[in-house]
Structure formats: C-alpha cells, structure tokens
C-alpha cells in the first residue's frame with residue numbers, strides 16, 4: 001500500500017509473486033487501463049515473467065466486474081464499519097489483510113461459485129489449492 005498508484009507498486013507486486021511462485025507462464029493478469037498497467041516497464045515485467053495481459057475495454061467497467069464487486073464488498077463489510085480516517089496506514093493494512101486472508105478467503109460464503117464455498121475451500125475441493133495467492 002502506497003500513497004500513489006504508480007507503475008513501481010505494480011512491478012514490485014509482480015516481483016513478489018515471482019519470488020513466491022516462480023514463473024507464472026500462461027497466467028492471465030486482468031486490469032483496467034490505468035497508466036500503471038499500460039506502461040512499458042510493467043508490460044515488459046509481465047512478458048519477462050510469462051504472464052499474459054488482459055485489459056478492460058475503454059469505458060467498460062463491466063469487464064472488471066468481479067474485482068469491482070470485491071472492493072465494494074470489502075468497503076461495505078469492513079472499511080465503512082470502522083473509523084479508518086483515524087487510523088494509521090499500517091493499521092488499515094492489517095485490517096484489510098485480516099479481512100481478506102482471515103475471513104473472505106476462508107469463511108465468507110461466496111455467491112460466485114456453485115455451493116457458495118469460500119475461495120480457499122473451493123480451490124481445495126477442486127485440487128487447485130496450490131494456485132492460491
């Protein structure tokens with residue numbers, strides 16, 4: 001989490017993924033058309049690590065509907081329930097991390113998949129647990 005959404009943040013995130021999982025050949029990374037995702041440096045990093053870039057169409061927010069839905073859920077269920085304006089950045093990062101990894105991925109019923117399983121349970125039941133990020 002940084003003050004500005006710049007290409008360096010995105011590139012650093014890709015490097016962290018590579019360090020944790022190795023090359024991700026054939027993995028599709030979808031994003032909107034923000035300048036950080038269309039920069040030459042970011043696109044070069046994708047190619048270097050074997051990722052395929054997928055971009056939302058211009059002015060087509062529905063292309064990224066799942067992520068928009070996730071962030072709306074995060075805000076509604078967690079961030080709007082606490083006084084984030086009084087919190088330090090590290091405290092907010094901890095709240096978000098705990099929500100995603102302690103609740104959303106492991107306990108929260110998910111309507112995007114049959115059976116409503118949380119993401120980790122779905123990946124485990126389908127044999128895709130090793131792909132969990």
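Under 28 Å from residue 103 (Cα atoms), modelled with pLDDT of 90 or more and assigned by TED's automatic domain parsing to the domain that holds residue 118: does that describe residue 79? Before you say what the answer is, go through the steps one by one.
Values: under 28 Å from residue 103 (Cα atoms): yes; modelled with pLDDT of 90 or more: yes; assigned by TED's automatic domain parsing to the domain that holds residue 118: yes.
So residue 79 fits the description; yes.
What's the total number of residues in segment 72-89 that are closer than 20 Å to residue 112 by Cβ and surrounded by 12 or more Cβ atoms within 10 Å (Cβ to Cβ)? Steps first, answer last, please.
Here is the first cut: in segment 72-89, the ones closer than 20 Å to residue 112 by Cβ are 72-78.
After this cut, where a residue has to be surrounded by 12 or more Cβ atoms within 10 Å (Cβ to Cβ) as well, the list is 73-75, 77-78.
Qualifying residue count, segment 72-89: 5.
Residues are listed down the side, and each one gets a yes or a no for (1) more than 21 Å from residue 4 (Cα to Cα); (2) in contact with a helix residue (DSSP H, G or I) (Cβ under 6 Å, 6 or more places away or on another chain):
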site: 32; (1), (2): no, yes
site: 59; (1), (2): yes, no
site: 83; (1), (2): yes, no
site: 104; (1), (2): yes, no
site: 123; (1), (2): yes, yes
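Among the candidates 122, 74, 46, single out the residue that is in a helix (DSSP H, G or I) and in the same structural domain as residue 8 (by TED's automatic domain parsing). Explain how you work it out, then say what you get.
Working: 122 fails: in the same structural domain as residue 8 (by TED's automatic domain parsing); 74 fails: in the same structural domain as residue 8 (by TED's automatic domain parsing).
After applying the criteria, what remains is 46.
Of all residues in segment 21-43, count the ones that are in a helix (DSSP H, G or I), free of Cβ contacts under 8 Å to residues at least 24 places away in the same chain and surrounded by fewer than 12 Cβ atoms within 10 Å (Cβ to Cβ).
Keep residues of segment 21-43 that are in a helix (DSSP H, G or I), which gives 21, 35-38, 40-43.
Then drop every residue that is not free of Cβ contacts under 8 Å to residues at least 24 places away in the same chain, which leaves 38, 40, 43.
Remaining after also requiring surrounded by fewer than 12 Cβ atoms within 10 Å (Cβ to Cβ): 40.
Count: 1.
Out of the residues in segment 51-64 that are within 18 Å of the chain's Cα centre (by Cα) and outside any helix (DSSP H, G or I), which is farthest from residue 27 (Cα to Cα)? Spell out how you get there, then give the answer.
Just the residues of segment 51-64 that are within 18 Å of the chain's Cα centre (by Cα), to begin with: 51-56, 61-64.
This time we only want the ones that are outside any helix (DSSP H, G or I), so: 51-56.
Numbers: 51: 5, 52: 6, 53: 9, 54: 10, 55: 14, 56: 16 Å.
Filtering first and then ranking leaves 56.
The values are calculated or read from the model by the stated rules, or taken from the named source; none is laboratory data. In this text the structure is predicted, and so the values were computed from the model without any measurement. Note that we place each Cβ from the backbone using ideal geometry, even for glycine, and neighbour counts take in every protein chain shown.
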